[in-house]
Structures are given as structure tokens and as C-alpha cells.
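Okay, structure first, notes after.
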Amino acid sequence: KEAMVDTDIKPKPLQPHWYERYVQPCVAELLGSALFIFVGCLSVVEDAEGTGRLQPALAHGLALGLTIAILGDI
């Protein structure tokens, strides 16, 4: 008979490295939270006349958007 070809055998998907599973998400969370809090606090400290609630709201929104854009795929 003909030699059997194992076409039905699928390779096991590779498990991510322990660094990618445990450390990298924690570091991303730490950096994202630090950026969000740091920018938010600085926007409140540097309160210009007439901006009211707009300046802290925009700063928090832009910081959150930047954090998601940079660290979102982690």
C-alpha cells in the first residue's frame, strides 16, 4: 500500500512566553495608569483662567486615548 501521509495532524499552538503572559500586561497597566494620573493631576494644577472643567476633561480624555493607542494591543 501507499505510505500514509499525516495531513490531519495539526501542530500545537505555541504558548506565549511567561513574560508576555504575566509581566508585560502588568507593566502596561502600570505605565498606562501612571500616565493617566500624572497628566490628569498636572492639568488640574495648571488651571488657566476661564477654562473651568474643560481643561481637565480634555487632558484626561487625550491621556486615555494615547494610552489605549500605545498599549492597547498588549
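Every read-out reported here was derived from the displayed coordinates using simple, explicitly stated rules and does not represent laboratory data. Keep in mind the model is a prediction, meaning the values are calculated, not measured. Backbone-built Cβ (ideal geometry, glycine too); neighbour counts: all protein chains shown.
Worth pointing out:
- With q set to 0.22 Å⁻¹, the log10 of I(q)/I(0) for the stretch 18-72, from the Debye formula over equal scatterers at the Cα positions, is -0.78.
- Compared with the direct C-alpha span, the chain from residue 29 to residue 54 gains 6.4 nm at full extension, assuming 0.36 nm per residue.
- Length gained when the stretch residue 66-residue 15 is fully extended (0.36 nm per residue, less Cα-Cα span): 15.4 nm
- Spacing of the two label points (7 Å from each Cα toward its C-beta) at residue 42 and residue 73, in nm: 2.6
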